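Student: Sharing a structure, written as structure tokens. Questions coming.
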Amino acid sequence: MFHFSPVVFCVAASFIRCASTMSGMMKAVTFEPGGPENLRIGSVAIPQLREKEVLLKVYATAINRADMLQRKGLYPPPTGESDILGLEAVGIVDRLGPGCVKSWKPGDKVMALLPGGGNAEYVASREELLMPLPSNMKFIEAAAIPEVWLTAFQLLFIVGKVKKGDTVLIHAGGSGVGTAAVQLCRQFGARALVVAGSQEKIDFAKSLGAEEGFNYKEAEFEPKVLAQTEGKGVDLILDCVGGSFFDQNINSIATEGTWVIYGLMGGYTVNSGDHLAKILRKRITIVGSTLRARSIQYKESLVEEFSQRALPHFSNGEFRPIIDTTLTLDSIQEAHQLMESNKTTGKIVLQVRDEAAKEEL
Ligand SMILES: NC(=O)c1ccc[n+]([C@@H]2O[C@H](COP(=O)([O-])OP(=O)(O)OC[C@H]3O[C@@H](n4cnc5c(N)ncnc54)[C@H](OP(=O)(O)O)[C@@H]3O)[C@@H](O)[C@H]2O)c1
Ligand SMILES: *[C@@H]1O[C@H](CO)[C@@H](O)[C@H](O)[C@H]1NC(C)=O
């Protein structure tokens, strides 16, 4: 019987890898601070691997709100991290850097949570922040998972400490984070109420398991939230709006409720009023949360807990990545314009390589 010699195979495989990365350059999204028209596809060096980093051959990536701020020059990457855009990428492990101890190996299909650098043909990722691709999932679907699902999971279970039966008010119910949070609530057994800017987004959130939804552009959500909760208010608010919703949030939250502020799309400042009196009397917990700037240790345990508790639900179809639009990496300007239109429901994904195509030399 014929056996393909593993030695011959290894030599051939490393030759192919050498050939494909021989130039040492790759395509990546670069920019001068400004509008979407300032985005470019540049040719930059393939990242050097540092301690405990893995090189990923990227098949798909995605964009996030934070990229809009970074592009405008308002949100620099953490010190020492890539200044290429992209907080997530999915693809195939190309090689391991020094000091790697996890069990990843070349050829593994993985998803990565990144501090930057994902909108490129290759990216270096900490080995602890990789997750296996859910079985039977395409790269362009999986690219919609890492950033918004890890964020929603963190906000609900770690920061917000949601309990079964709690009522959760989710702002931007049609956003990437919002559509993930609604699914996590349904699966966990919490009641999700959403706020969004269109009936389509509300209907979609309800199809994912939200109990009710309110259009903030048509009416104040506060009386509707109180009516929906028999006057008690909600136990938890996931708030990415901030300033413009502050007064309504403070009146929509229950006694001893938790209010997680994780974005400020509606402004940084708060109107004057008796806010402190309400916080005191209702014994409200207000907590701010970020993800990108957290320590590797924090993110590692988040990724581990998410991998155990949430990832299996993707393979059995209970959770699904919500994708509004898939474009190619070259269409990065269009991708940013689309996100800034606020019309999308779920993620904007960028295809980097064709999954079906033969391995290029
Ligand atoms: N702190 C963290 O760890 C962390 C991590 C990830 C994301 N985030 C934040 O999470 C939020 C969602 O991110 P994403 O990538 O999921 O966004 P996304 O998919 O682009 O969705 C954002 C949606 O928010 C709504 N919106 C925009 N401005 C608003 C305003 N002033 N008031 C109310 N709603 C408004 C818009 O929908 P409608 O108006 O049509 O409803 C918009 O489509 C962002 O603020 C982002 O910065 C924070
Ligand atoms: C989209 O939302 C952002 C954040 O609230 C806002 O600054 C921007 O003006 C909105 N864009 C449109 C087209 O409504």
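Student: Of the DSSP beta bridges with both residues in the chain, give the percent that are antiparallel, rounding to the nearest 5.
Tutor: Values: 31 of 56 bridges.
Within the chain, antiparallel bridges account for around 55 percent of the total.
Student: Let me ask something else. Could you tell me how many degrees, from 0 to 90 and to the nearest 10, lie between the Cα long axis of helix 6-21 and the main elongation axis, the longest principal axis, of the Cα atoms of the chain?
Tutor: 70
Student: Moving on. Rounding to the nearest 10 and keeping the result within 0 to 90°, find how far the Cα-based axis of helix 296-309 lies from the longest principal axis of the chain.
Tutor: 80
Student: Report, in degrees rounded to the nearest 10, the 0 to 90 angle that the Cα long axis of helix 176-188 makes with the longest principal axis of the chain.
Tutor: For helix 176-188, the angle is close to 80 degrees.
Student: Another question, if that's okay. Just want the answer: with Cβ charges of +1 for Lys and Arg and -1 for Asp and Glu, which residue in 205, 285, 173 is farthest toward the dipole's positive end in the range 148-288?
Tutor: Checking the options against the dipole of the range 148-288, the answer is 285.
Student: How large, in Å, is the chain by the Kirkwood hydrodynamic radius built from its alpha-carbon pairs?
Tutor: Hydrodynamic radius (Kirkwood, Cα only) of the chain equals 21.4 Å.
Student: Taking 0.36 nm per residue of sequence separation and subtracting the Cα-Cα distance, how much length would be gained by fully extending the chain between residue 138 and residue 342, in nm to one decimal? Kindly include the intermediate steps, with their values, before the conclusion.
Tutor: Working: separation 204, 0.36 × 204 = 73.44 nm, distance 2.60 nm.
Working it through step by step, the gained length comes to 70.8 nm.
Student: If you find the alpha carbon centre of the range 150-170 and of the range 308-326, how far apart are they in angstrom?
Tutor: Each part's Cα centre sits 17 Å from the other's.
Student: How big is the C-alpha Rg of the range 31-122 next to the rule-of-thumb value 2.2 N^0.38 Å, as a ratio? Could the numbers behind the result be given before it?
Tutor: Values: Rg = 13.8 Å, N = 92, 2.2 N^0.38 = 12.3 Å.
Ratio of Rg to 2.2 N^0.38 Å for the range 31-122: 1.12.
Student: Amide H to amide H under 5 Å from residue 257: which residues, 5+ apart in sequence or cross-chain, H placed 1.01 Å off N in plane?
Tutor: Answer set, sorted by chain and number: 285.
Student: Highest first, please rank the peptides 234-243, 316-325, 57-66 by the mean number of other Cβ atoms sitting within 10 Å of their residues. All intermediate terms of the calculation are to be shown ahead of the outcome.
Tutor: Working: 234-243: 24.0, 316-325: 17.1, 57-66: 25.5.
Result, highest mean first: 57-66, 234-243, 316-325.
Student: Continuing with this model, one more query. Would you compute, from DSSP H runs of 4+ residues alone, the mean residue ellipticity of the chain at 222 nm, taking -39500 (n - 2.57) per run and dividing by the full residue count, rounded to the nearest 500? Spell out each step's value before the answer.
Tutor: Values: 12 runs with 106 residues, N = 361.
After summing the helix terms and dividing by the residues of the chain, the value is -8000 deg cm²/dmol.
Student: In addition: About the Cα centre of the chain, how large is the charge dipole given +1 on each Lys and Arg Cβ and -1 on each Asp and Glu Cβ? Please answer in debye to the nearest 20.
Tutor: Working: 38 positive and 41 negative charges, 126 e Å.
That gives a dipole near 600 debye.
Student: Let me ask something else about it. Of 63, 189, 265, whose Cα points farthest to the positive end of the dipole of the chain (charges on the beta-carbon: +1 Lys, Arg; -1 Asp, Glu; origin at the Cα centre)?
Tutor: Towards the positive end, the residue furthest out is 189.
Student: Moving to a separate point now. Quick one: if you take sqrt(5λ) for each eigenvalue of the C-alpha gyration tensor of the range 148-288, what semi-axes come out, biggest first, whole angstrom?
Tutor: On the way: eigenvalues 85, 54, 43 Å².
Result for the range 148-288: semi-axes of 21, 16, 15 Å.
Computed from the coordinates by the stated procedures, all read-outs in this text should not be read as laboratory data. As the structure is a prediction and not an experimental result, all values here were calculated from the model. Cβ sites come from the backbone with ideal geometry, for glycine too, and all protein chains shown count toward neighbours.
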